[in-house]
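The values are calculated or read from the model by the stated rules, or taken from the named source; none is laboratory data. Please read these numbers as outputs of a predicted model, since none were measured by experiment. No Cβ is skipped: glycine too gets one built from the backbone with ideal geometry, and neighbour counts run over all protein chains shown.
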Amino acid sequence: MIEERAVVAEVGPGYVWLDIQRQSACGACHASAGCGTAALAKVWSGRSTRVRAMSELPLQAGDVVIVGLADGVLLRGALLAYLLPLVLLLAGALLGESAFAGAGEEPVILLGVLGLGLGFLAVRTLSRRLRHDPRYQPVVLHRVLPANAPGGVLSPR
């Protein structure tokens, strides 16, 4: 399970809105001084992202929590968002090349772009279908007590 620390922003029935601080592993390697990715990571670090997570815990705004995402969900989401449109773009271009072999490059480009558009439409449709599926939702695992509070890591509530 992928886990991250977050701060509760709003509480609703069965869910919470969390503010998660963006972090990057860039800057840890020896090449970070001349790396463009590390420079971009410095620009984007410090900003927070608001995420909706499922929770049955009695939380309130300002609580610090650990939120988790099931193994494989991030990979499946990335494959859906990036690979599906790319595969449909290539399939459209190959279809255009085989169907219109002597017509030049225009049908290949047109069907490739059409395949890419269909890929984006499929991603949008599938993501809307999976939006409320609990298997793909982040879940609040537990509350983190402040360092000066007695009782350990987990909250007594």
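For region 65-86, filtering for residues that are surrounded by 14 or more Cβ atoms within 10 Å (Cβ to Cβ) and more than 22 Å from ARG131 (Cβ to Cβ) leaves 1. Among the residues making up region 138-157, those that are modelled with pLDDT under 85 and not aliphatic (A, V, I, L, M) are PRO146, ASN148, PRO150, GLY151, GLY152, SER155, PRO156, ARG157. Evaluate the following for ARG143: is it of a type in the set (Lys, Arg) and surrounded by fewer than 16 Cβ atoms within 10 Å (Cβ to Cβ)? Answer is no for this residue.
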